[in-house]
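Here is the structure we will look at, set down as structure tokens.
The values are calculated or read from the model by the stated rules, or taken from the named source; none is laboratory data. Everything numeric here is computed off the predicted structure, so don't read it as measured data. Quick reminder, even Gly has a Cβ in these numbers, built from the backbone with ideal geometry, and neighbours come from all protein chains shown. With ligands, DNA and RNA removed, areas are computed over all heavy atoms of the protein, side chains included. Shrake-Rupley method; radii C 1.70, N 1.55, O 1.52, S 1.80 Å.
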Amino acid sequence: MHLEVLASDSFMGRDTGKEGQKMAAAYLRDRFRGFGVPPLSCVGVEKGFYQPYELIESSRGSISLRSARSVLSWPGELLYFSEELESDLVADQLIGMKPGRTVELATNPRAVVVLDARDSDEGLAGMRGARAGLEAVNKAGYQAALVVVREDTKELLSGFVHAGATSMRLLYADEEKDGNGSSMQVCYLTEEGLQRLVGRRGAAKLLKRQHGNALTAAISFKRDRHEARIQAENVLAYIEGSEMKDELIVITAHYDHIGVEDGIVFNGADDDGSGTVALIEIAQAFMLAKAAGHGPKRSVLVMPVSGEERGLLGSRYYSDHPVFPLEQTVANLNIDMIGRVDSAHAASGPYVYIIGSDKLSTELHRENELANGDRLELDYTFNAADDPNRFYYRSDHYNFARKGIPCIFYFSGVHEDYHRPGDDVEKIRFDLLESRARLVFCTAWRLANRVQRIRVDKP
């Protein structure tokens with residue numbers, strides 16, 4: 001069974017750029033080749049099936065904030081999601097700001113903004129105001145910003161910071177930075193953390209309702225990371241169409257996971273071994289149909305991607321360096337965790353969460369519902385615009401959506417073993433995995449054989 005192989009300890013958690021991920025890539029390539037999928041011979045593809053991309057891997061947890069009063073370190077008192085500082089930074093001025101207010105251009109190169117996001121952060125959805133504020137601060141040319149959040153929000157944010165020893169970023173994106181405020185370092189802390197740095201009076205001054213209060217203070221950002229260039233791969237199984245072969249349906253799932261921590265292998269059977277094995281079966285089904293003389297009219301690209309756990313890196317690379325023109329890409333169907341049952345459906349019948357189907361194309365939404373019939377309950381809970389989990393932005397489909405390509409994210413929900421060592425094969429519901437994979441195939445089949453390609457009718 002494919003999942004017993006991919007989610008075994010011998011694949012070492014399939015961490016991006018590491019031996020286990022490369023073993024999984026080879027396994028997928030061999031399966032596709034065994035089904036009769038021909039190798040590709042085009043720019044950007046190596047060995048017929050791989051789209052390689054380069055990453056910079058850096059040590060994680062190396063940023064700390066130091067003042068004369070105290071030191072804050074990651075991840076206990078301080079959170080961050082990317083390391084943007086090129087070297088240590090010493091600040092001599094802190095400027096208190098509020099989200100949504102006008103941000104003056106930075107005149108002091110050693111000034112750091114303290115953005116007060118306590119009032120707006122109702123869960124993750126409420127962080128939108130803080131993100132908009134950070135964009136304004138970034139454009140104004142500041143090198144760093146401290147975002148002050150409530151304790152409960154910090155705890156929620158901490159769930160998105162993987163406790164691994166390293167972080168990764170795309171090499172090409174690093175090289176393409178324009179230097180126009182695009183490398184601002186952002187750190188998250190609580191009011192208590194700010195008080196430890198600058199004292200109660202200093203924190204009170206910065207967090208007053210008055211916008212733009214400044215405080216003279218010496219704070220240093222200590223950066224101590226070691227970097228290395230590594231390579232990861234997306235795997236491409238291209239099934240050429242018969243009549244409209246220049247148009248393309250892309251089906252994705254990420255085959256990486258989070259590797260090994262403290263000697264414990266995180267096998268990721270559901271996340272996203274379930275989606276990966278679904279791609280294997282879907283590719284085989286299309287090739288069997290083609291061998292029988294009933295192949296798809298449009299072309300289909302079945303593409304297991306890597307780097308999702310590190311920040312949607314593989315799909316980001318493909319969307320910025322597509323092997324096939326994006327303007328000819330009709331839709332993306334993305335599978336990420338379809339092998340379990342979440343607590344909301346513990347007593348319900350077969351279901352799957354559908355996310356994003358109606359964001360860009362009414363017809364895509366309709367085709368998926370027609371493909372399903374009444375086999376599965378299609379749950380649109382996480383498709384809501386105000387979904388506090390923001391799942392629409394958290395898997396590989398989003399890198400197609402940001403390019404204007406309609407997409408669907410198929411998902412069965414978060415469970416108690418999410419990103420934990422217990423995400424193993426014996427807990428997979430294979431009956432549900434099969435029915436959900438069948439829905440993806442049927443939707444892809446309808447999209448590939450429609451007379452007219454689906455229309456993008458929403459901004």
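Ignoring ligands, DNA and RNA, what accessible area per residue does the chain give at 1.4 Å, in Å²? Walk me through the intermediate numbers first.
Values: 19270 Å² over 459 residues.
Roughly 42 Å² per residue, with all protein chains present.
Can you compute the modelled spin-label distance between ASP224 and LYS208, with each label point 7 Å from Cα toward Cβ, in nm?
Simple spin-label model gives 3.7 nm for this pair.
If packing is taken as the average number of other Cβ atoms within 10 Å across a peptide's residues, how do 270-279, 100-109 rank, most packed first? Walk me through the numbers on the way to the answer.
Numbers: 270-279: 29.3, 100-109: 12.5.
In descending order of packing, they fall as 270-279, 100-109.
Given a 1.4 Å probe and heavy atoms of the protein chains only, how would you sort LYS154, LYS18, LYS208, LYS47, largest accessible area at the top? Don't skip to the answer; put the middle values down first.
Values: LYS154 20, LYS18 70, LYS208 115, LYS47 155 Å².
Most to least solvent-accessible, the answer reads LYS47, LYS208, LYS18, LYS154.
Excluding ligands and nucleic acids, what accessible area in Å² is computed for LYS245 using a 1.4 Å probe, to the nearest 10?
100
Expressed as a whole number of Å, what is the distance separating the alpha-carbon centroids of segment 19-74 and segment 337-377?
Segment 337-377 and segment 19-74 have Cα centres separated by 29 Å.
Quick one: if you stick a label point 7 Å off each Cα along the C-beta vector at ALA385 and GLU104, how many nm between them?
So the label points at ALA385 and GLU104 sit 3.6 nm apart.
Using protein chains only and a probe of 1.4 angstrom, how many square angstrom of HIS419 are accessible, to the nearest 10?
50
With θ taken as phi - 60° and the coefficients 6.51, -1.76 and 1.60, list the Karplus ³J(HN,Hα) couplings across segment 427-433 in order, rounded to whole Hz; mark glycine and proline as x.
Per-residue couplings from phi come out as 9, 6, 8, 5, 5, 6, 4 Hz.
What is the calculated FRET efficiency for ALA291 to ASP320, with r their C-beta to C-beta distance and R₀ = 45 Å, to the nearest 0.05? Walk me through the intermediate numbers first.
On the way: r = 34 Å, r/R0 = 0.76.
E(calc), rounded to 0.05, equals 0.85.
Among PHE382, GLN195, PRO325, whose Cα projects farthest towards the positive end of the dipole of the chain, with charges put on the beta-carbon of Lys, Arg (+1) and Asp, Glu (-1)?
Value: GLN195.
Suppose each label sits 7 Å from its Cα in the direction of the beta carbon; what would the SER82-ARG150 distance come out to in nanometres?
The modelled label-to-label distance comes out at 2.8 nm.
For segment 49-111, what % of the accessible area comes from carbon and sulfur atoms, probe 1.4 Å?
On the way: 1350 of 2830 Å².
Percent of accessible area from carbon and sulfur atoms in segment 49-111: 48.
Going from most exposed to least, what order do HIS211, HIS254 have by accessible area with a 1.4 Å probe?
Working: HIS211 55, HIS254 0 Å².
My answer, sorted largest first, is HIS211, HIS254.
With an 8 Å Cα cut-off and a minimum separation of 6 or more residues, compute the relative contact order for the chain in percent.
Numbers: 993 pairs, mean separation 90.4, N = 459.
Relative contact order, the chain: 20 percent.
With all protein chains present, how much of the accessible area of segment 414-459 (probe radius 1.4 Å) comes from carbon and sulfur, to the nearest whole percent? Working shown, then result.
Working: 1370 of 2600 Å².
Summing carbon and sulfur atoms, their accessible area is 53 percent of the total for segment 414-459.
What's the angle, to the nearest 10 degrees (0 to 90), between helix 19-34's Cα axis and the longest principal axis of the chain?
20
Below 8 Å, C-alpha to C-alpha, sequence gap of six or more: please give me the relative contact order for segment 179-282 in percent. Don't skip to the answer; put the middle values down first.
Values: 39 pairs, mean separation 14.1, N = 104.
Relative contact order for segment 179-282 comes out at 14 percent.
Does anyone have the angle between helix 191-206 and the longest principal axis of the chain? Alpha-carbon axes, 0 to 90°, nearest 10?
50
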